[in-house]
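Asks: For reference, the structure I am asking about is given below.
The values are calculated or read from the model by the stated rules, or taken from the named source; none is laboratory data. All of these numbers come straight from a predicted model, not from anything done at the bench. Cβ placement follows ideal geometry from the backbone for every residue including glycine, while neighbour counts extend to all protein chains displayed.
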Amino acid sequence: MDGTRVIRRRTSPGGARGRAALLACAALVAGLLQVAAVPAAHADDMPHKPSPGVPVAGHSGATKVPRASDGLPHHPTRAPKRSWARPGSVTVTLPAAHSTGSAVRAGSLPVTLTVPAAAKTAKTSKTAQHQAAPLAGPATVRVLDQKTTRAAGVDGLLFTVTPRPAASGATVGVRVDDSGYAQAYGGTHTFDNTAGRTLTTDDHGDVSTAADDRCTRTTYVDNSTAWILDDPSRIQTLSVACTATPDYTKDVLSDIRTAYDGQAYATAPTAGDATHVATLKSHDATTATYLESGAAYDSYGRATSTTDLTGNVTATETGTPQRTDRTDGRVTTTVYTPSTGFPTTVAVTTPPANRATRPPRRPARRPWSRCADCRSRSSTPTASAPTPPTTRWAAS
């Protein structure tokens, strides 16, 4: 040897593996640092919110969801689903009337039966004849389907309330919850909080136009002592929505005012007999003019006479109706025999009919006849001779 010392070092397998692991860790750390540095380096170049109309994750590139001003996907609001009231039949049990009254919902049907509170004061004998006892016990509520309802000519909810054999009484209050099906009819209703009565009906018809809107307003006169809560004082129908301001000279379709038991208009009834009914004739945008008809009743509430014209009525929208008597109306009378108990004979007398005059008829022409034997005689039409009068002699 030339004096050079060669030192050979043996490398163990474990040391090689350790260096390889260190290199791998170093590469991983470098990659992470590079990835973390990218957003920082390009932070100014990145948009603060997505551009309108860019594809959203989960959608194909061809379908773009519009975005609102805040950059979030905007989905148009869908119209509420219109569903008809679901038909069905439910039997409920009504409690007897007590001091506070009660209400029973007919299962999932949109009908609630109400029982008024028991009267605290004694009723007069005449009022008692017109006021039946509240229904108590089992009763079946049945909501009919859409086909049957429309076949009956009803544009709304058609249902029946049938007392079962074990029930007693004859009257019951009803409340209808139309929140689940009102959109099916294109209208809305408002109710009072006393007896669930309908105050306004806003019939939109075709919801895409306001040309066929109808608004019906109902005003009631209440006698809470006798529990007469369903007698309307006025029913007005307009050709505009209830939220619109009507032109009374042309937007009034009908306007009917009713007075009860021989009293003035807007006075609470005592028995509930409609003795005067005023129907709108004209409106000058300030004052309405009505023609009034009338009726009289016996102690059983049966009409004994009706008059087609009893007076003229004028009223403003907020004022008290004023009436003037008329005596040129025609009267129809009804007589019940016997006057008490079950009648065996009902006689109705109507006013005489108005007979119209007409010019006299022209005399009829004589009938034409043809010959019987056309071979020997001419077939020219000839006028037949009149038949001589026949004289009959009575036996002596």
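Asks: Looking at Thr310, Thr382, which one is modelled with pLDDT of 60 or more and either outside the structural domain of Lys281 (by TED's automatic domain parsing) or closer than 30 Å to Leu280 by Cα (or both)?
Replies: Thr310
Asks: Right, something else. Could you check region 138-153 and list, in sequence order, the residues that are closer than 9 Å to Ser89 by Cα and not hydrophobic (A, V, I, L, M, F, W, C)?
Replies: Once the filter is applied, which keeps residues that are closer than 9 Å to Ser89 by Cα and not hydrophobic (A, V, I, L, M, F, W, C), region 138-153 yields Thr140, Arg142.
Asks: Same structure, new question: When the residues of region 237-263 are filtered to those that are under 10 Å from Cys215 (Cα atoms) and among the hydroxyl-bearing types (Ser, Thr, Tyr), which remaining residue is surrounded by the most Cβ atoms within 10 Å (Cβ to Cβ)?
Replies: Only one residue tops the list, namely Thr237.
Asks: While we're on this one: Identify the residue in region 273-287 that is closer than 26 Å to Ile228 by Cβ and of a type in the set (Gly, Ala, Ser) and, among all such residues, is surrounded by the most Cβ atoms within 10 Å (Cβ to Cβ).
Replies: Per the criteria, the residue is Ala278.
Asks: Scanning region 314-343 for residues that are in a loop (DSSP other than H, G, I, E, B) and within 16 Å of Arg302 (Cα to Cα), which turns out farthest from the chain's Cα centre (by Cα)?
Replies: By that ranking, first place goes to Pro338.
Asks: Separate question: Looking at region 283-306 only, could you name the residues that are in contact with a Lys or Arg (Cβ under 7 Å, 6 or more places away or on another chain) and among the polar types (S, T, N, Q)?
Replies: Hits for region 283-306 are Thr289, Ser299.
Asks: Which of (1) modelled with pLDDT under 90; (2) in contact with a Gly (Cβ under 8 Å, 6 or more places away or on another chain) does Arg214 not meet, given it meets every other one?
Replies: Among (1) modelled with pLDDT under 90; (2) in contact with a Gly (Cβ under 8 Å, 6 or more places away or on another chain), Arg214 violates only (1).
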